[in-house]
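Notes to accompany the following structure.
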Amino acid sequence: MTTLDQIVQFAKSTGFIFQGSELYGGLANTWDYGPLGSALKKNIKDAWIQKFQRQSPYNVLFDSSILMNSQVWEASGHVGGFNDPLTECRSCHQRFRADHLITEHDASVDPDGWSTDKMYQYLVDHEVKCPSCGSHDFLPIRAFNMMFQTHQGVVLEQANEIYLRPETAQGIFINFKNIQRTTRKKLPFGVCQVGKSFRNEITPGNFIFRTREFEQMEMEFFCKPGTEMEWFNYWKQFTKDWLLNLGIKASDLHLDDHSPESLAHYSNATTDVEFKFPWGFDELWGIASRTDFDLKAHQEKSGVSLEYLDPVTNEKYIPYVIEPSVGVERLVLAFLLSAYDLETLEDGSERQVLRLHPKLAPYKVAVLPLVKKLHNEQAKALFDTLSTSFDVVYDETQNIGKRYRRQDAIGTYLCVTVDHDTESLGSVTVRNRDTMAQERIKISELEAYIRNQIKY
Ligand code: GAP
């Protein structure tokens, strides 16, 4: 199994992900996405939008602002309740999330929903050790609000305090009426949004798994009360299929259905789609049936009705909501871990190959002149043509074998080589990343061939 260290090294050396602010010694737990990483992220977001929105008869796209009126976060419960249980080791003064200390001490214990007193008592009774210095003497737990606060405008006064959004969802809820009115959508319908969210996590870590700045892809699916379980199951299956179709192995996925006791107060069903990360199964994607909690809260706070008038039955009600919510970076990590392979070839040599689904591969095609001096003009012309339709990279340095290996390692699905026969035969050699098999294809048929291979 691929380790986290292997993936971190790989991501850094190939240009997928770099340490944030590296030039200045770094800023802990921030990451910059290089040319390949940003392409992979873009392809993941495109694939999500394609399936969840463009090809869905129900869903529309949305893009709300990161900065919102503070009342949004008061209504949603984030000002009062978006807290993590923070404790501090009295010996080394490192800070930890108490719930994480408990599950790391005993994975069979689930402290979700426990009071801070109960968590503290557990730390004391079980003599839970500080992961940093090994002592077992923690300060009492206090609730730590995870929202990043800032000020709008030039005057640093309380009235100007605002927050960076900790989730994209609320931007959709507060626009429910605008979207429904302008699209004239009838229930059920969903609203999809991709965008940055910020959380002042106490213990970020595991590379890009938990960070303070991340991108979410969230869908709020509005439906008639009473139909929510049908839609909850529909989107659960839809989410799972999306992951499997893009190359995640079924054995690396686990659906954790929350028990009634561990549900959040606003939810009547929640499932965590878990992926087998190197440290064990952990949350990749949350799917929650949120009842009418959010719309009701905004209706009460704003004084504006967020009811829906059912044109068939003439009933007025606040819709129920199903919310599949995922972090793009967690998907980047899951796809990289699933795709990374060190293959031993028949001659005993090793080949590093990134078996990303062609839709996700940063480059679909590499165009390679066999001999730089002889074939570069034809190859460049081919790059110009193909790059109008696909993500293509041009590579003319080093021998062809090394170039194939380089493209394999970054996941490029096809290598197109311009060679001695290209001019006379009007054809090129096309090599497949996974099978390494080569075929001779006519240039006039190349675009259709590539399209078919990468399942565009
Ligand atoms: N609107 C619901 C919501 O935000 P969440 O479970 O807090 O729910 C949803 O977050 C998803 O966002 C998670 O399943 C995870 O994929 C991603 N996510 C949450 N916090 C994250 C963090 N600190 N770093 C990276 N991804 C995060």
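Here's the yes/no breakdown for (1) of a type in the set (A, V, I, L, M, F, W, C); (2) surrounded by fewer than 14 Cβ atoms within 10 Å (Cβ to Cβ); (3) touching a Cys at 6+ places or on another chain (Cβ under 6 Å):
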site: S13; (1), (2), (3): no, yes, no
site: I17; (1), (2), (3): yes, no, no
site: G26; (1), (2), (3): no, yes, no
site: S38; (1), (2), (3): no, no, no
site: N43; (1), (2), (3): no, no, no
site: Q53; (1), (2), (3): no, no, yes
site: P57; (1), (2), (3): no, yes, no
site: Q71; (1), (2), (3): no, yes, no
site: G81; (1), (2), (3): no, yes, no
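When the test is whether a residue is assigned to a helix (DSSP H, G or I), touching a residue at least 60 places away in the same chain (Cβ under 8 Å) and under 29 Å from T412 (Cα atoms), A11 passes it. Under the condition of being part of a helix (DSSP H, G or I) and either of a type in the set (G, A, S) or in contact (Cβ under 8 Å) with a residue 40 or more places away in the chain (or both), which residue from segment 218-233 is surrounded by the fewest Cβ atoms within 10 Å (Cβ to Cβ)? Filtering segment 218-233 for residues that are part of a helix (DSSP H, G or I) and either of a type in the set (G, A, S) or in contact (Cβ under 8 Å) with a residue 40 or more places away in the chain (or both), the one surrounded by the fewest Cβ atoms within 10 Å (Cβ to Cβ) comes out as M229.
Checking each residue in segment 379-406 for being basic (K, R) and within 34 Å of the chain's Cα centre (by Cα) picks out K402, R403, R405, R406.
When the residues of segment 196-227 are filtered to those that are within 12 Å of the ligand (Cβ to nearest atom) and under 24 Å from K296 (Cβ atoms), which remaining residue is nearest to the chain's Cα centre (by Cα)?
Looking at residues that are within 12 Å of the ligand (Cβ to nearest atom) and under 24 Å from K296 (Cβ atoms), I get Q216.
Just one of the listed residues (T271, T211) is closer than 26 Å to P319 by Cα, among the β-branched types (V, I, T) and not assigned by TED's automatic domain parsing to the domain that holds G113, and it is T271.
Residue under question is Y163, and the condition is that it be more than 16 Å from the ligand (Cβ to nearest atom) and either among the hydroxyl-bearing types (S, T, Y) or on the phi < 0 side of the Ramachandran plot (or both); does it hold? It is false that Y163 is more than 16 Å from the ligand (Cβ to nearest atom) and either among the hydroxyl-bearing types (S, T, Y) or on the phi < 0 side of the Ramachandran plot (or both). For segment 289-318, taking the residues that are assigned to a helix (DSSP H, G or I) and polar (S, T, N, Q), the one that is most open to solvent (accessible area, probe 1.4 Å) is identified as S302.
The values are calculated or read from the model by the stated rules, or taken from the named source; none is laboratory data. Treat the numbers as computed from the prediction; the structure is a model and nothing was measured. Here Cβ is always computed from backbone atoms with ideal geometry, including for glycine, and neighbour counts include all displayed protein chains. These accessible areas exclude ligands, DNA and RNA; they are computed on the full protein's heavy atoms, side chains included. Shrake-Rupley method; radii C 1.70, N 1.55, O 1.52, S 1.80 Å.
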